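Structure first, commentary second.
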Amino acid sequence: MNVMLLGAPGAGKGTQAARIVEEFGLVHLSTGDILRKAVADGTPLGIEAKRHMDEGGLVPDDVVIGLVRERIMQPDAAERGVLFDGFPRTIPQAEALDEALSASGLALDAVVSVEVDPEAIVARITSRRQCRACGKIFNVISDGDLAACTECGGEVYQRDDDTEAVVRKRLDAYEAQTSKLVPYYAAQGTLRAVDGNRTPDEVYESVREALAEVG
Ligand code: AMP
């Protein structure tokens, strides 16, 4: 099963992704995580990506498509299936993904669209924190202002692009580009909408129901 999680920044994709990969054993392909690692490692790709990420814009399609192609060509992707998290974000990325999957005889089985009220997003993102070591996501309001990760003890930090000014630009990028994927996947018949304005447990229950229909 190959699944894509679609939703605005702050919709809760990362939290849902962690649960999906744990239950269904899928390879978690988060382009945001791959890019943040490249930035932390200071690779040429990371240096190029950081410019766009710090401004709340998208990293160029060819760069991200290359990263994804490389990952899905590894044998475990076909064996276990993939959860695409934060990719595709543009129509050219979606078309490239369709082509890359069909070249391997694969397809996207479900696109789970996590829908949240835009007014809630800025508050959600600016209170988000993440473990630098294992990537676990926390929220200051529900988890308190943690210094260390409850899973691995790693440093809990606020992402550079989770400030209000950058969040607003990321929302603009979502509106201008990524929201176009909703009709794209609706036309393919793979879109499953889930109400993200609920607790993570409730949202996950709906995600599971959506995946049960295809899995
Ligand atoms: P995320 O962790 O998915 O919110 O991604 C963080 C940032 O990484 C985004 O704001 C973009 O700058 C960049 N990024 C992640 N995935 C993509 C993608 N598929 N296409 C372009 N840029 C991306």
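Every number here is computed from the coordinates shown, using simple stated rules; none is lab data. Note that the structure is predicted; figures quoted are calculated from it, not measured. Backbone-built Cβ (ideal geometry, glycine too); neighbour counts: all protein chains shown.
So how many residues does region 94-113 have that are touching a Gly at 6+ places or on another chain (Cβ under 9 Å) and within 16 Å of the ligand (Cβ to nearest atom)?
2
So if I check each of Pro118, Pro75, which one is over 23 Å from Thr178 (Cα atoms) and away from the ligand (no atom under 14 Å from the Cβ)?
On inspection, the qualifying residue turns out to be Pro75.
I'm trying to understand the selection: among the residues of region 166-176, which are touching a residue at least 60 places away in the same chain (Cβ under 8 Å) and either of a type in the set (Lys, Arg) or surrounded by fewer than 17 Cβ atoms within 10 Å (Cβ to Cβ) (or both)?
Arg168, Lys169, Arg170, Asp172
Could you tell me whether Glu115 is surrounded by fewer than 17 Cβ atoms within 10 Å (Cβ to Cβ), touching a residue at least 12 places away in the same chain (Cβ under 8 Å), closer than 23 Å to Gly10 by Cβ and within 15 Å of the chain's Cα centre (by Cα)?
Spelling it out, Glu115 is indeed surrounded by fewer than 17 Cβ atoms within 10 Å (Cβ to Cβ), touching a residue at least 12 places away in the same chain (Cβ under 8 Å), closer than 23 Å to Gly10 by Cβ and within 15 Å of the chain's Cα centre (by Cα).
Please count how many residues of region 1-35 are touching a strand residue (DSSP E or B) at 6+ places or on another chain (Cβ under 6 Å), part of a loop (DSSP other than H, G, I, E, B) and without any contact (Cβ under 8 Å) to a residue 60 or more places away in the chain.
Going through region 1-35 one residue at a time, the tally reaches 1.
Report yes if Ile91 is touching a residue at least 40 places away in the same chain (Cβ under 8 Å), within 24 Å of Gly7 (Cβ to Cβ) and more than 8 Å from the ligand (Cβ to nearest atom), otherwise no.
For Ile91, the condition - touching a residue at least 40 places away in the same chain (Cβ under 8 Å), within 24 Å of Gly7 (Cβ to Cβ) and more than 8 Å from the ligand (Cβ to nearest atom) - is met.
Condition (residue is β-branched (Val, Ile, Thr), over 19 Å from Tyr174 (Cβ atoms) and surrounded by 14 or more Cβ atoms within 10 Å (Cβ to Cβ)) applied to region 85-107: is it met by at least one residue?
no
Among the numbered criteria (1) of a type in the set (Gly, Ala, Ser); (2) more than 16 Å from the ligand (Cβ to nearest atom); (3) closer than 18 Å to Gly14 by Cα, which one does Ala186 miss?
Ala186 satisfies all of (1) of a type in the set (Gly, Ala, Ser); (2) more than 16 Å from the ligand (Cβ to nearest atom); (3) closer than 18 Å to Gly14 by Cα except (3).
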